[in-house]
Amino acid sequence: MGLWGKMTTEAGGKVHWRVRLRAWWEGEDVRAPSPAVNGRSGPIEPGLIVPAVLIPPLMPWENEAIRIQQQVWGEGYYKPGGEEHVLGLAKPFGLNPSLTVMEFGSGLGGGTRALANEFGVWVSGIEPTAELAKAGKELSIKAGLEKKADIVRYSPEGFEPKAGSIDCILSSESLYLVEDKQKLLKTFERALKPRGQVSITDFVRSDDLAENDPHLQGLGLAPTDPTYFASGAEYVKWFREINFDLRVNEDITERYRKMIMDGWVEFTQAGGEKAAHAKALPEQVVKEVQLWSRRVAAMDAGHLKVVRYYAIKLGGTKLMSNW
C-alpha cells in the first residue's frame, strides 16, 4: 500500500497528512474527530491553524532540499532516525575519548556531532554529496565542533585513509550510492586498527532481484540518481572475504519503516515554523514525500530492505562475543 496509504491509521486516526499540508499552504483551519467510542464520535479536536510565521532566508550553504529535510528529519539530518539511530549504531563500539571514529556518509553531520558530544571522541565525517558536505561543515562550525566533528567531501579517486589509523567506522544508509562496495569495504579494513570495528546500515535489495531490476529504480536522492543496491547475500560474502568477523546481520526494515512514519507524522502534525516551511516550499515538500513514498512502497513489496551489519577486523585479542 505504501507510505501514504497507511498514514491516516498509523497517525492514530488524525487528519491525513495531505489535508494538513494543504491547510498549511492555504492557511485553513483543520479539525479532526476524536476516535469513536461505542460507535459514536467524540468531541472535535482543536483546529490546526497556521500561525503567521516568517521563515528565515536560506543561508549561503543551504538549498531548499536541505532546509525541508531538516524540518522533517531534524536539525543536522536529511533522513530518518536522527541522533537516536546513529548512537544506536555506535553502541557496540564502547566509545571513549581515546578512540578515533570515522562516519562514512555523514550527510549534514548531525550524527557526527552527536557522537562527538555524547562520547567526547574526535570524529571524521566523510560525505560524497557536495551540497551535504558543505552544509554539514558549516553546521559543525556553527556548533563549535569544526575540528572535533569535521565534515569533508569524499572523492572515490582520492579516498585512501591512512592504514591502521581508525578504531571505528560507522555508516548509515549511504553505501547504496557507492558502485564498488567491495573495494570500499577493503578500504575500511585497511584503515582500521587491529580489532577495529565497523557498524553499517544500508538499503539492500532482495536476494532474488537483479541490481538493475526496475522495481529498484527511482529510489536515490533524486529519481534519476544512480543507485547500487547490493543484496544481503553479497554483503555477507564480502565481509567474510575481507578479513572481517561478521557478528551481526540484522534486518531492521520494520524498525526503519517506523522511523520514516514517525518523522512524517510529527511533521504533518506540527505547526509554527514547520507549517510555515511547508507553505513556503511546497514543491520541495512534495519531492521529499515522493522519495520516501517510493522507498516505503519498495519495502512493503519486499524489494528493498534495511539491514544492519556489525563486524570486527580479524587479528589480535577477541573483543566481545556478539551484539
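The values are calculated or read from the model by the stated rules, or taken from the named source; none is laboratory data. Keep in mind the model is a prediction, meaning the values are calculated, not measured. Heads up, the Cβs are rebuilt from the backbone with ideal geometry, glycines too, and the neighbour counts pull from every protein chain shown.
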Looking only at the stretch 76-106, and only at residues there that are touching a residue at least 40 places away in the same chain (Cβ under 8 Å) and among the charged types (D, E, K, R), the one that is surrounded by the fewest Cβ atoms within 10 Å (Cβ to Cβ): K91
- prompt: If you go through the stretch 204-218 one residue at a time, do you hit one that is closer than 18 Å to Y309 by Cα, under 18 Å from the mean Cα position of the chain (by Cα), at pLDDT 95 or above and assigned to a helix (DSSP H, G or I)?
  reply: no
task: For S171, indicate whether it is outside any helix (DSSP H, G or I) and without any contact (Cβ under 8 Å) to a residue 40 or more places away in the chain.
output: no
statement: Y310 vs (1) of a type in the set (S, T, Y); (2) within 18 Å of the chain's Cα centre (by Cα); (3) in a helix (DSSP H, G or I): all pass except (3)
- prompt: Which condition number in (1) on the phi < 0 side of the Ramachandran plot; (2) at pLDDT 95 or above is the one that S321 fails?
  reply: (2)
message: Given the condition surrounded by 16 or more Cβ atoms within 10 Å (Cβ to Cβ), among the small types (G, A, S), within 20 Å of L87 (Cα to Cα) and in contact with a helix residue (DSSP H, G or I) (Cβ under 6 Å, 6 or more places away or on another chain), answer yes or no: does some residue in the stretch 191-211 qualify?
response: yes
statement: Going through the stretch 135-148 in order, the residues found to be among the acidic types (D, E) and free of Cβ contacts under 8 Å to residues at least 60 places away in the same chain are E146
field: Qualifying position, being hydrophobic (A, V, I, L, M, F, W, C) and touching a Lys or Arg at 6+ places or on another chain (Cβ under 6 Å), among M261, M299
entry: M299
message: Any residue that is in contact (Cβ under 8 Å) with a residue 40 or more places away in the chain, over 25 Å from V286 (Cβ atoms) and not in a strand (DSSP E or B) - is there at least one of those in the stretch 112-134?
response: yes
task: Collect the residues in the stretch 219-233 that are in contact with a strand residue (DSSP E or B) (Cβ under 9 Å, 6 or more places away or on another chain) and free of Cβ contacts under 8 Å to residues at least 40 places away in the same chain, keeping them in residue-number order.
output: S231
- request: Return only the number of the condition from (1) over 19 Å from the mean Cα position of the chain (by Cα); (2) of a type outside the set (D, E); (3) at pLDDT 95 or above that G263 does not satisfy.
  value: (1)
- request: Would you mention how many residues in the stretch 220-243 are assigned to a loop (DSSP other than H, G, I, E, B) and of a type outside the set (A, V, I, L, M, F, W, C)?
  value: 8
message: Checking A270 against (1) crowded, with 16+ Cβ neighbours inside 10 Å; (2) at pLDDT below 95; (3) more than 22 Å from the chain's Cα centre (by Cα): exactly one of these is not met. Which one?
response: (3)
- line: Quick count over the stretch 273-317, residues being at pLDDT below 95 and of a type in the set (V, I, T), is 1
query: Which of the residues belonging to the stretch 244-264 are touching a residue at least 60 places away in the same chain (Cβ under 8 Å), part of a helix (DSSP H, G or I) and either out of contact with any Asp or Glu (no Cβ under 7 Å at 6 or more places or on another chain) or surrounded by fewer than 16 Cβ atoms within 10 Å (Cβ to Cβ) (or both)?
result: Y256, M259, I260, D262, G263, W264
query: Do you know which residues across the stretch 153-171 are modelled with pLDDT of 95 or more and more than 25 Å from P194 (Cβ to Cβ)?
result: none
